[in-house]
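None of the figures in this text is laboratory data; all of them are computed from the coordinates on show. Keep in mind the model is a prediction, meaning the values are calculated, not measured. Quick reminder, even Gly has a Cβ in these numbers, built from the backbone with ideal geometry, and neighbours come from all protein chains shown.
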Amino acid sequence: MVAKEPYQLDSQLRLSYHSLDSNVGVPHMDEQKHLKALKQAIINLDFEGMHKAAREAMDAGVEPQRAIMEGMAPAMAVVGGKFETGEYFLSELVVAGEVMKEGMEIITPYIKADSSQKIELVVMATVEGDYHDIGKNLVATLLKAQGFGVIDLGTDVPVSRIVEAVKEHNALIVGLSALLTSTMATMGEVIKALEEGSLRNRVKVIIGGAPVTPQFAQKIGADHGALNAMEGVHKCVEWVSSSSR
Ligand code: B12
């Protein structure tokens, strides 16, 4: 597997984000302070700290996408590392997830919606056997902000349910999320089922989640393996902007 840094956008990529990341450039000192406070609140499992940090960051005008992607998301990777080394247990993972969710509740209303995009439907799901939904929810929020209609099927979603939803809603894009190496393969099963249902040529399939790489996406026949939420949403915008399908 090729190593990747899922939470860091390289500067080249950032420059191409336009409306997704309007505040181009390296965060200045004051912003760094807010990003650090958001990160610390998650690592310290501190709900009050998160409320304070999220409100202060928004009051100070920190760009909401940056607050989530550069402040909060990297903290979850730190928490995952602590879980791996035995410093944190499952209960701490649960609390960290809740702290992140509360922070996102405060921050997401600040994400500016782009109403210029025509509504195209995206079916989103975390695949069967997998309960991780923070990344998926983030992608859904960013897609909505870009004017997409999102049918969010939730977590632990059976392959058949995803296929039914694509058919029922005549979706243009399917976004799949998996955080466990044991559930990644299920994304390939979704693609096979779409092929068997003669739906594959009607939809683009984008996959994401910490263990997902572009190579894995290619191997299972997905159209794109997202490096992170922003890059994935950027790809969806590109798809609907072009007339390739
Ligand atoms: C929080 C967390 C949990 C929470 C989840 C809460 C929730 N509501 O989601 C809880 C406590 C429930 C949990 C449970 C488990 N977890 Co857990 N969890 C994590 C942790 C710490 C953070 C995940 C997270 O939310 N990250 C923040 C978000 C923003 O990042 P993200 O999900 O990667 O999403 C980003 C991108 O990947 C992308 N993205 C994600 N999906 C998609 C989809 C599309 C379409 C696109 C475009 C982009 C995209 O966008 C996001 C932003 O860029 C990770 C550690 C890690 N480093 O990932 C472990 C981790 C994933 N968990 C792990 C494990 C082992 C488990 C358990 C098996 C533990 C256990 N013994 O029970 C269970 C499994 C439960 C299940 N069946 O799903 C392992 C997985 C190891 C492996 N190789 O598979 C990890 C890596 C921890 C570790 N280092 O060991 N977990």
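What do you get for chymotrypsin sites (Phe, Trp or Tyr not before Pro) in the stretch 103-182 restricted to DSSP loop and a cutoff of at most 12 other Cβ within 10 Å of the site's Cβ?
Tyr131
Which of the residue pairs Lys101/Lys167; Lys101/Lys144; Lys52/Lys101 have a Cα-Cα distance greater than 20 Å in the structure shown?
Lys101/Lys167
For the chain, what's the relative contact order in percent, using C-alpha pairs closer than 8 Å and at least 6 residues apart?
16 percent
Using helices alone, I'd like the mean residue ellipticity at 222 nm for the chain: each DSSP H run of four-plus residues gives -39500 (n - 2.57), total over residue count, nearest 500.
-15500 deg cm²/dmol, from helical runs alone.
Straight-line reach from Lys219: which aspartates and glutamates have a Cα under 19 Å away, not including same-chain ones fewer than 8 places off?
Within the straight-line cut-off, Lys219 pairs with Glu189, Glu195, Glu196.
What chymotrypsin sites (Phe, Trp or Tyr not before Pro) does the stretch 66-109 have in DSSP loop regions with at most 14 other beta carbons within 10 Å?
Listed in order of number, the matching sites are Phe89.
Kirkwood-based Rg over Rh for the stretch 201-245 (C-alpha set), two decimals?
Ratio of gyration radius to Kirkwood radius for the stretch 201-245: 0.97.
Find how much the distance from Glu238 to Lys101 grows on full extension, using 0.36 nm per residue of separation minus their present alpha carbon separation; answer in nm with one decimal.
46.5 nm
Rounded, prolate or oblate, given the Cα gyration tensor of the stretch 134-245, with a/c below 1.5 counting as rounded?
rounded
Most exposed first by the Cβ proxy, i.e. fewest other Cβ within 10 Å, how do Ser242, Ser177 rank?
So the residues, fewest neighbours to most, are Ser242, Ser177.
I need the fraction of alpha carbon pairs in the chain separated by more than 26 Å, rounded to a whole percent.
Value for the chain (Cα pairs over 26 Å): 37 percent.
For Leu121, Leu172, what ranking results if the residue with the fewest other Cβ atoms within 10 Å of its Cβ goes first?
Leu121, Leu172
Could you grab the relative contact order for the stretch 25-110? Cα pairs under 8 Å, six or more apart, rounded to a whole percent.
38 percent
List the aspartates and glutamates whose alpha-carbon lies under 18 Å from that of Lys136, not counting same-chain residues fewer than 8 positions away?
Reachable aspartates and glutamates: Glu5, Glu70, Glu98, Glu102, Glu105, Glu120, Glu128, Asp152, Asp156, Asp223, Glu231.
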